[in-house]
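Participant: Got a structure here, written out as structure tokens. Questions coming.
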Amino acid sequence: MHDPQSADRWALMELRHRYMRSVDLRDWDAVAATLAPEMVARYRPDLVTEGADALVAELRARLTDERITVHQLGNPSIEVDGDHATGTWTVSDRTVCTDVGYVVEGASLSTDRYRRDPARGWLISEISYRRFCETSVSLADLPSFRVLATPATGLDLS
């Protein structure tokens, strides 16, 4: 059976993956291109950011060269209703914090809202995380741990 919304679902999956990839690569223009100007990010109850420009500025300030991130998204459930949509994702993340000497790993459930813009296509209008697991380990406990590349170094290890 043909699903008339499948093209929208694919576009929304690509949008959300592009957002995460751009965060990990520190491509702030690409991050901004995925966001509606009025968007809201709720990463924790005490960390709510309103507005695309504010979120990009906050991410830029927090995710310095000393913070290496990798995000993975899975298990999307996307509902499209005309020019609006919601999505629920599992998110796994790892942050190597070389400035404070820790590796933090977590698992979250992300509930997002999207809207279709006539000129820009689908945009993220809300990101809301519910963290259900977080672990950390000191880099001092990993004496052989080495950082060989970061987004800023431009090293290609392939």
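Participant: Filter the range 1-56 for residues that are aromatic (F, W, Y) and in contact (Cβ under 8 Å) with a residue 24 or more places away in the chain; which is nearest to S77 (Cα to Cα)?
Facilitator: Y19
Participant: When you go through E50, E66, E38, E79 one by one, which is the residue that is over 12 Å from the mean Cα position of the chain (by Cα), under 30 Å from D141 (Cβ atoms) and of a type in the set (D, E)?
Facilitator: E66
Participant: Let me ask something else about it. For the range 50-72, enumerate the residues that are crowded, with 18+ Cβ neighbours inside 10 Å and over 21 Å from E14 (Cα atoms).
Facilitator: Residue satisfying the conditions is I68 alone.
Participant: Out of contact with any Leu (no Cβ under 6 Å at 6 or more places or on another chain) and buried (at least 18 other Cβ atoms within 10 Å of the Cβ): does that describe L47?
Facilitator: When the stated conditions are applied, L47 does not pass them.
Participant: Looking at the range 103-146, which of its residues are among the hydroxyl-bearing types (S, T, Y) and modelled with pLDDT under 95? Don't jump to the end; show me each part of the working.
Facilitator: Filtering the range 103-146 for residues among the hydroxyl-bearing types (S, T, Y) gives 108, 110-111, 114, 125, 128-129, 135-136, 138, 144.
Across the range 103-146, the qualifying residues are Y129, S144.
Participant: Since R42 meets every condition but one in (1) loosely packed, with under 13 Cβ neighbours inside 10 Å; (2) within 22 Å of E105 (Cα to Cα), which condition does it not meet?
Facilitator: The one condition R42 does not meet is (1).
Participant: Further, regarding this structure: How many residues are in contact with a Leu (Cβ under 9 Å, 6 or more places away or on another chain), in a strand (DSSP E or B), closer than 26 Å to T135 by Cα and in contact (Cβ under 8 Å) with a residue 24 or more places away in the chain if we restrict to the range 75-100?
Facilitator: Summing the residues that are in contact with a Leu (Cβ under 9 Å, 6 or more places away or on another chain), in a strand (DSSP E or B), closer than 26 Å to T135 by Cα and in contact (Cβ under 8 Å) with a residue 24 or more places away in the chain in the range 75-100 gives 8.
Participant: Does any residue in the range 118-141 that is free of Cβ contacts under 8 Å to residues at least 60 places away in the same chain and among the hydroxyl-bearing types (S, T, Y) come within less than 8 Å, Cβ to Cβ, of a residue that is in a strand (DSSP E or B) and surrounded by 12 or more Cβ atoms within 10 Å (Cβ to Cβ) six or more places away or on a different chain, and which pairs are these?
Facilitator: Sorted first by the residue in the range 118-141, then by its partner, the pairs are T135/V104; T135/E105; T135/G106; S136/Y102; S136/V103; S136/V104; S136/E105; S138/Y102.
The values are calculated or read from the model by the stated rules, or taken from the named source; none is laboratory data. Nothing here was measured: the structure is a model prediction, and the numbers come from that model. Because the Cβ atoms are built from the backbone with ideal geometry, glycine has one as well, and the counts that use them run over all protein chains shown.
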